[in-house]
Structure formats: structure tokens, C-alpha cells
Amino acid sequence: MPRVAREPERAVARCCRICTIRKLFVKDAVVAENASPIFRITPYIVFGAMCCAAAIVPSLATDLPFARAADAIALVGLFALARVFIALAAMDIGTAFGSLGARREMFVGFLAEPALLMVLFTASLISGSTSLPTIVDTFAHRELAIYPSLAFAGVAFTMVSLAENARIPVDNPATHLELTMIHEAMILEYSARHLALIEWAAALKLFNYSCIGLALFFPFGIADAGRRLAGDRSAPTPVLIAKLAVGGFAAGADRDAVGEDAHLPRARVPRHRVPARGAGDAGQPDARQLRPSADARSRSTRS
């Protein structure tokens, strides 16, 4: 299918996802009998952690209300808090898929969290502080300079973002296959408002990682305290929307390139006929003799 024809389908899919989350909030939640309080409070903790992370990331300006708490280590701690609770909730019910997804999620976090810390520490060494507003203010309002370490940090951050947000090649959120299921395996037991909060938190997590990447590697357009005091508060918003739109289109084009063969029809494997017996196959049994007869198949079916 041509790429132009898929753009309306993507827009419809996004609208359907928003409508699905809205419908989930008005439905009754179904909770397993052996579920502990951890299973019930995990959606609220995960959603609250992602909201706090979105509040401390300097996406529009460096003097946001929670700028005092915007530390790089605190930001990674919020992501780790959400991961620990979602893994505990997945193992709380005792299902095979939940335990499998929790183990995989913790293994991915074991690899991704140190890499994310190294990316943030690389930026903090250049700016001289682990405060996110200070880092962004240093990169956004300093003369242009080339940092090779920051380029390698950008590559590492891209890999961490794919792993943390359950994207190809680490995970595939659009599938329910056992071999490729990490995030979906942990939330199979959730429904109604609990599932809506987790899906909303997953969307916020993707937004947070996008804003972190834009603030560290593309900080132009982020307002500082002087511009906000001067009254220029509307300029950063369209710049952020434009950067997110460009990143979204680039990610969509990348997904099309990766999953291009997934939309093609699968070819049917032809059946090969058994060759006839020749003179040299006198000592070998015929393939028709190895097949059970119709009477034998019927007897096995009745038994």
C-alpha cells in the first residue's frame, strides 16, 4: 500500500486510541480475586510518576514551576519507580505472561537506565550541573560549539528511547506474540480505568523522552527566565509542536521502512508431490504406506 494512503489511517488510529482511553474510564474494572493492593494502586503510581516527570522536564522554558526539583538523577528515579511498580503488579497475579513480561522489563531497565544516566551525565559535565534547566540553558543560550561526546550521547539516547518506549527492534506494542511482548504482557490483567491510566502513562512517557531529547540535542526555541519576564511566553509553544511533529513524521517514516514487508500478503508454500517409486527404491517403503488409512484415522478420532 502506498505511503500516502497510510497517513489518513494513522490519523484515524490516533483518534481511535483517544476514544478508547475515554471509553475505558467509564467502564467497570475487573480485578482478579488474588490481586493485592499493589495491583490496584500501580496504575495511579505509574501515571503520577509520568506526570511528575513531564512537569520537571524543561520542554517550554527553563523556569517552570517545578524547576527546583528538575534534577537528572530525580528524573531517572521517576522512570525507575514506574518500572518497579508495573513489574510488581505484573507478577502479583501470578500469570505466566505477567511474570515473563516483568522479567523482560527489568532486564531492559537494567541495560537502559545506566545508559540514560551516562547520557545525562555527559550533558552535565559540559554544563557543570545535573540540574536540567541549567543544562538546557547552557546548550540553548551559548555560542555554537561542537561536542563529539554529545554526538555519541545522542546515539545512545536514541537506543534508550526505543527500548524504554517499547518500540522496534526491542519490543512491538502492536503485537500479542509471546516472543515479542514485553509491555503488553505486563498489562494483560488490567481493564477499564486502570488500563486507561497505564496507556495514558505510556503516552506521557513517550512525550517525556521526546522532550528530553529535544531539550538536550535541539534546545533552540526554549525560553529562559528573561524572555518569560519580558512577556514572550507564546513563542516556545509552536516551536515545541513543530519539533514534535517533525520527530513524529520521521518516526512514522522509519516504522514504514521497518515494517514494509509486514503489510505484504504471505505467499503460500506449494505442496510437493511424492515421487513415484523407481527401480532403485525397491527396498524402501512407499510414502503412501506410511500414511494411516481412513479407517485408522476414524478409529483414532472415536477413541
Contact list, first residue from segment 16-35 and open to solvent by 100 Å² or more (accessible area, probe 1.4 Å), second anywhere and among the basic types (Lys, Arg), beta-carbon distance below 8 Å, six or more apart or interchain, is Lys27/Arg193
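Name every residue in segment 108-144 that is of a type in the set (S, T, N, Q) and under 13 Å from Phe220 (Cα atoms), in order of residue number.
Thr138
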Selection over segment 67-81 where residues are assigned to a helix (DSSP H, G or I), open to solvent by less than 40 Å² (accessible area, probe 1.4 Å) and touching a Ser or Thr at 6+ places or on another chain (Cβ under 9 Å) yields a count of 2
Notebook entry, point to check: Among the residues of segment 99-118, is there at least one that is in a helix (DSSP H, G or I), without any contact (Cβ under 8 Å) to a residue 24 or more places away in the chain and polar (S, T, N, Q)?
Noted result: yes
The condition from (1) under 25 Å from Ser99 (Cβ atoms); (2) among the basic types (Lys, Arg); (3) free of Cβ contacts under 8 Å to residues at least 24 places away in the same chain that Arg40 misses is numbered (3)
With criteria (1) part of a loop (DSSP other than H, G, I, E, B); (2) surrounded by fewer than 16 Cβ atoms within 10 Å (Cβ to Cβ); (3) under 13 Å from the mean Cα position of the chain (by Cα), Asn172 comes up short on (2)
(1) hydrophobic (A, V, I, L, M, F, W, C); (2) modelled with pLDDT under 90; (3) open to solvent by 30 Å² or more (accessible area, probe 1.4 Å) all hold for Leu117 apart from (2)
If we keep only residues of segment 178-199 that are among the hydroxyl-bearing types (Ser, Thr, Tyr) and part of a loop (DSSP other than H, G, I, E, B), then the residue least open to solvent (accessible area, probe 1.4 Å) is Tyr190
The correct count of residues that are outside any helix (DSSP H, G or I), buried (at least 16 other Cβ atoms within 10 Å of the Cβ) and of a type in the set (Val, Ile, Thr) in segment 122-168 is 1
When Ala202 is run through (1) part of a loop (DSSP other than H, G, I, E, B); (2) closer than 24 Å to Ala70 by Cα, the failure sits at (1)
Residue set Arg104, Arg83; condition more than 26 Å from Ala67 (Cβ to Cβ), in contact with a helix residue (DSSP H, G or I) (Cβ under 9 Å, 6 or more places away or on another chain) and charged (D, E, K, R); output residue Arg104
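The values are calculated or read from the model by the stated rules, or taken from the named source; none is laboratory data. Only a predicted model underlies this, so the values are computations on that prediction, with no experimental measurement involved. Backbone-built Cβ (ideal geometry, glycine too); neighbour counts: all protein chains shown. With ligands, DNA and RNA removed, areas are computed over all heavy atoms of the protein, side chains included. Shrake-Rupley method; radii C 1.70, N 1.55, O 1.52, S 1.80 Å.
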